[in-house]
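Following: one structure in structure tokens, then a few remarks.
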2 protein chains.
Amino acid sequence: MHDSVITFIQDLAVIMIVAAFVTVIFHRLKQPVVLGYIVAGVLIGPHTPPFELIRDEHTIRILAELGVIFLMFSLGLEFSFRKLLRVGATALIAAVLEIIVMIWIGYQIGLWLGWNNNLDALFLGAILAISSTTIIVKALNDLKMKHERFAHLIFGVLIVEDILGIGLIALLSGVAISGSVSGSDVFLTISKLSLFMIVAMLVGILLVPRLLAYIGKFRSNEMLLITVLGLCFGFCLLVVKLEYSMVLGAFIIGAIIAEARELHWIERLIEPVRDMFSAIFFVAVGLLLDPRVMIEYATPILVIAGAVIIGKVFSCTIGAMIAGNDGRTSLRMGMGMSQIGEFSFIIASLGMAYKVTSDFLYPIVVAVSAITTLTTPYLIRAADPLAKSIARITPRPLARIVDLYGEWLNNLHPQGTNAVIWNMIKRILVQIGINMAVVIAIFLGSAYLALNLGNEFLADWIDDIDWRKSLIWGTTLILSLPFLIAAFRKFKALSMMLAEMSVRESVTGRHTQQVRRIISEILPLLFLTGTMLFLSALSASILPKRESLILVIVSIIAIVFVLRRWFVRIHSRLQIALYETLDHEDPNEKQETGH
Amino acid sequence: MHDSVITFIQDLAVIMIVAAFVTVIFHRLKQPVVLGYIVAGVLIGPHTPPFELIRDEHTIRILAELGVIFLMFSLGLEFSFRKLLRVGATALIAAVLEIIVMIWIGYQIGLWLGWNNNLDALFLGAILAISSTTIIVKALNDLKMKHERFAHLIFGVLIVEDILGIGLIALLSGVAISGSVSGSDVFLTISKLSLFMIVAMLVGILLVPRLLAYIGKFRSNEMLLITVLGLCFGFCLLVVKLEYSMVLGAFIIGAIIAEARELHWIERLIEPVRDMFSAIFFVAVGLLLDPRVMIEYATPILVIAGAVIIGKVFSCTIGAMIAGNDGRTSLRMGMGMSQIGEFSFIIASLGMAYKVTSDFLYPIVVAVSAITTLTTPYLIRAADPLAKSIARITPRPLARIVDLYGEWLNNLHPQGTNAVIWNMIKRILVQIGINMAVVIAIFLGSAYLALNLGNEFLADWIDDIDWRKSLIWGTTLILSLPFLIAAFRKFKALSMMLAEMSVRESVTGRHTQQVRRIISEILPLLFLTGTMLFLSALSASILPKRESLILVIVSIIAIVFVLRRWFVRIHSRLQIALYETLDHEDPNEKQETGH
């Protein structure tokens, strides 16, 4: 026991001392600290003389995993729905385009290099997809460009990338376990993931900020920290039990806690803990790096680094221009995104953990990350002169086309009354979507519980299997009723608006009112029928026989008639609680963006 | 690999969630959070149903050790020479009396309970000796008494206790390894420890605050934290290699860093890390607690808890009164000190680690700590009424004696010119002591190096063993010359002052000047001779033969004559550097005391 503690302290001492030395040197050379950690890891690692300095690699690896959790948790803390909505279209288009292009490029490079293992190529694609928040923030800080417009666009793209990256990790875990990719698998994985994220966020945002406000009242740093750590690790554990990655859990619980009023206090407490463990993580990344592998694989490393830079600059610049930004801003944004970092390490270690990628992949990724990290600040600085040169040599007709596209795009945006209506419709659609997600989650959860626990438990009480099913299915339907009714009411409102807009008096004349009424009555009925059929399919395993089903539905319709008001009230209470949490004023919003 | 990470995260999640719950409950019940952690540990521990929740106890134990290191490091950060000097006599007398009384009481109880293992009784004594900073600060905070006079005295006693406790730990480690205690062992251990602490502090205070000021200029939380962690773990490792306890290292490096200007910044960064790991430590303490053992040993637990309360209240109160405080303040101070805590756990786990104590000792200590923690706030509140009752029933003659003692003590304090001279003499004595400590450390270190490395290395160059010894001994003497000369000069100044004061003109008449001069010349020569004899004895293993020795000494005397000024300059530069670090203004001094 005592010896293993000393070994462990020795490892920590070596890591921290070497890390401190190297980061000071890197700071003086104006390079990101992260790169310093990786170099420190290489220096003390098993592949470089004079000796192997780390003794208890097992414990260090476990602490490095804590580093990943805290890194993703911090990213989650910086996530915010409001920020996401603000950057909107540009971020979404650029991020999606970039990720698709980079996965494709990575996969093609893997095939072109003749890698035997197909999964190596797929993982390489995913590894190249996501840029590094840490390194971009550091570079923009150093260049004092954090408050320019292109920087805000970059932060937006990074947020979208984080979410898509989380999806990628979930997908790749599935692929790694099953060993193959199919279109329907991807669709199923993404829908299940989205469903889980929506429900977790809804429930989380209803409960967690209230809990933290309660703890916050004690004004004790210690209690708040312990509670936040409990939430973080506890949620990670839950997510692992549902067979998702811990990284996903850390990000989601971070995003939930980001809605608490105590956010800035929590960030201050978590920062040192994150810094300590993320240093261990990055040093551990360096520990895995064998310089000989880097020399052996020099060609692929250079090719991939070139592909990252060129691919990301092109895809992000084009993405930003499609979203209607001018050429200069787009190019600066693209140049800023041209590197890979922490997400790539996480995806690469995922491949290693599942033992589906070859050993050489990890050192290649670390080397590419190091190279592209070094080039990032130079590229950002080169963006402005480059934009001018390009503008000078662009043929006039091409420039004219770009301008025309921008004007056309601007005209596309709905304006005046139309804009107001369009926003209302968007809002209603989001609300319907969220309510339906909750309903679906309740039915899926109920089917899962019934199959695993409930059936046996109920079997002692009710003999007939059909009666059991009726009871379970009916209870599930009642539980989901507040959300179902809300979705139905929203849909009715939407139908009325659509009827008003689509049926013009000039066409239908004096029948206008009747036609509108028919549309606004029929659409919701169609919606209800479709929903019930869908839910029945979803809960096939707990669906009772037809006769019992009709009985259940009839009794529930009766219940709805009697308690309609009560269901509406429950839902509106939940909704108010949710809005209260999301809409609180945040005086530090500005500063927050700067992180 | 992946599974062990999940196991680890699960353990952390369980610890943090249960700890958060229990601490909230304890906070509502107005009990210290620390007690909540211990109860949380018992709940999730292996001895209480429903199931054993901690899977990877090995890793959790290692993290708990980190908790101990961070706890002691934080105590070190709060240590300060200025604070120590300010509380002075009361703290010293009360702490020494308390520790001696409590060790004796603990040992006697152990014998009385008929414990077979003598070391159990000795460890029990040490365990009962030191009160708990954490719990006292919490109780005084809750009672809003932190700024009263008795509270400041308590903080002083706690600082002295920490130092003596560190000494106790070093002693017990020695006893545990050798299995016995002897007077000369104790003396040797204490002198070696004091020497090590003085030299480590001197060198540390010369180097570390400069390093931290350099790192601080980068204004990066992350770099400062990593550097501090590197210093902390690195120094702990060094101390372990010298066969002292890591706890000692953490405290000393904390006390060194406390002299940096960046102290408050560092405290802010270390606090969350310490809170996280110390929570794990206290929960791990609870994990070891078997409630059945507590029932089985109910009698010793109650006896020991009673002894802690009565023994500490008496010894501290009497100690404070001996130092000249009034009865009410003394009693309040004594009542405040009446519990055991983190130091006791550390000493108890030391006994377990060395396998020299019985298994039942640890749970007994935890139970006694829990009981005395619960009684502390009530005792503090009861102190005032009790003091009044005692004052009422005290016989008049006894009260008069106490008053007279206070007056007599006050008259003892030197006043006016005498006080100034007395302070000067104290200062010179301290400086001589420090310089001599450095000289001794250089000689000891040199002898150690020569025996382990230097002799063989030099053997290739110089054949004759006597020449080698002469070279090593001579170099050692030259290295220690700046400090030796400084000590000599201070001693000369002291001799002159003593001559001035002791030889009065009324006695010696016109021979006054001569007598004074003889005294002030002879004393330093005696000092020099004594020192050289002592150093020769100390470095017996590297001392050359008499002829060579005379040659070496003569040549060094020649060197001193030529380079005398240069040696003085080196020393004064070192001294100025030290004073600069120690004397910087601290605007937050007041607030700091409150911690």
- Message: Quick check for you: which residues of the range B:541-567 have the amide N under 17 Å from the point 7 Å beyond the Cα of B:D466 toward its beta carbon?
- Response: B:541-555
- Message: As an exercise, use a Förster radius of 22 Å and the Cβ-Cβ distance of A:T299 and A:L374 to find the FRET efficiency, rounded to the nearest 0.05.
- Response: 0.75
- Options B:I163, B:L543, B:T59, ranked by Cα towards positive dipole end of the protein assembly as shown, top entry (Cβ charges): B:I163
- In order through the range A:493-507: 3J(HN,Hα) via Karplus (6.51 cos²θ - 1.76 cosθ + 1.60), integer Hz, x for Gly, Pro: 4, 4, 4, 4, 4, 5, 4, 4, 7, 7, 8, 9, 4, 4, 8
- Note on the structure: The relative contact order of the range B:221-321, taking Cα pairs under 8 Å that sit 6 or more residues apart, comes to a percentage of 18 percent
- Query: How much length is gained on full extension from B:F187 to B:I310, taking 0.36 nm per residue of separation minus their Cα-Cα distance?
  - Reply: 41.3 nm
- Task: Quote the charge dipole size of the range A:1-112 about the Cα centre in Debye, to the nearest 20; the model charges only the Cβ of Lys and Arg (+1) and of Asp and Glu (-1).
- Result: 620 debye
- Task: With +1 on each Lys and Arg Cβ and -1 on each Asp and Glu Cβ, and nothing else charged, work out how big the dipole of the range B:60-384 is about its Cα centre, in Debye to the nearest 20.
- Result: 720 debye
- Message: Over all directions, how big on average is the projection of the convex hull of the alpha-carbon atoms in the range A:417-582, in square nanometres?
- Response: 12.5 nm²
- Item | Largest-first ellipsoid semi-axes for chain B, taking √(5λ) over the Cα gyration tensor eigenvalues, angstrom | 46, 33, 24
- Between the Cα axis of helix A:396-412 and the main Cα principal axis of chain A, the angle (0 to 90°, nearest 10) is 40 degrees
- Task: Please sort by residue number the trypsin sites (Lys or Arg not before Pro) in the range B:315-411 whose DSSP state is loop and whose Cβ has at most 16 other Cβ atoms within 10 Å.
- Result: B:K355
- Message: Rounded to whole Å, give me the distance from the Cα center of the range B:119-177 to that of the range A:475-532.
- Response: 74 Å
- Message: Report the per residue volume, in Å³, of the convex hull enclosing the C-alpha atoms of the range A:174-232.
- Response: 79 Å³
- Give the cross-link partners of A:K192 among the aspartates and glutamates, using a straight C-alpha distance below 20 Å as the criterion and excluding same-chain residues fewer than 8 apart. A:E161, A:D162, A:E243
- Query: For the range B:10-68, what is the Kirkwood estimate of the hydrodynamic radius, computed as the reciprocal of the mean inverse distance between distinct Cα atoms, to one decimal in Å?
  - Reply: 11.9 Å
- Message: If you average the C-alpha positions of the range B:372-445 and of the range A:409-448 separately, how far apart do those two centres end up, in angstrom?
- Response: 75 Å
- Query: Sorted by average packing, counted as other Cβ atoms within 10 angstrom per residue and highest first, what order do B:284-294, A:532-542, B:123-133 take?
  - Reply: B:123-133, B:284-294, A:532-542
- Item | In degrees, nearest ten, helix B:81-112 long axis to first principal axis of chain B (Cα) | 60 degrees
- Identify, among B:Y214, B:P377, B:L528, the residue whose Cα sits farthest towards the positive end of the charge dipole of chain B, taking +1 on the Cβ of Lys and Arg and -1 on the Cβ of Asp and Glu, with the dipole about the Cα centre. B:L528
- Query: Normalised by the residues of the range B:417-582, what does the relative contact order come to in percent, with Cα pairs under 8 Å and at least six apart?
  - Reply: 32 percent
- Item | Pairwise FRET efficiency - B:R149 versus B:V402, Cβ, R0 = 25 Å, nearest 0.05 | 0.90
- Flagged links, alpha-carbon separation over 19 Å, of B:K144/B:K312; B:K144/B:K388; A:K426/A:K492: B:K144/B:K312; B:K144/B:K388
- Query: In debye to the nearest 20, how big a dipole does the range B:417-582 give about its Cα centre with +1 on each Lys and Arg Cβ and -1 on each Asp and Glu Cβ?
  - Reply: 840 debye
- Message: Calculate log10 I(q)/I(0) of the protein assembly as shown for q = 0.04, 0.05 Å⁻¹, where I(q) comes from the Debye formula with a single equal point scatterer on each Cα and nothing for solvent.
- Response: -0.31, -0.47
- Query: Order of B:T357, B:T512, A:T529 from fewest to most other C-beta atoms within 10 Å?
  - Reply: A:T529, B:T512, B:T357
- Message: Given N residues in the range B:60-384, what is its alpha carbon radius of gyration divided by 2.2 N^0.38 Å?
- Response: 0.97
- If you average the sequence gap of Cα pairs under 8 Å that are 6 or more apart and divide by the length of chain B, what percent do you get for the contact order? 19 percent
- Message: Could you tell me the extents of the range B:482-563's C-alpha atoms along the three principal axes, largest first, rounded to whole Å?
- Response: 51, 27, 22
- Answer with one residue from B:W566, B:L242, B:L331: the one whose Cα lies farthest towards the positive end of the charge dipole of chain B, charges on Cβ with Lys, Arg +1 and Asp, Glu -1. B:W566
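The numbers here are math on the coordinates, done by the rules we state, and not lab data. Since this is a predicted model, take the numbers as computed values, not measurements. Cβ coordinates were reconstructed from backbone atoms using ideal geometry, including for glycine residues, and neighbour counts include every protein chain displayed.
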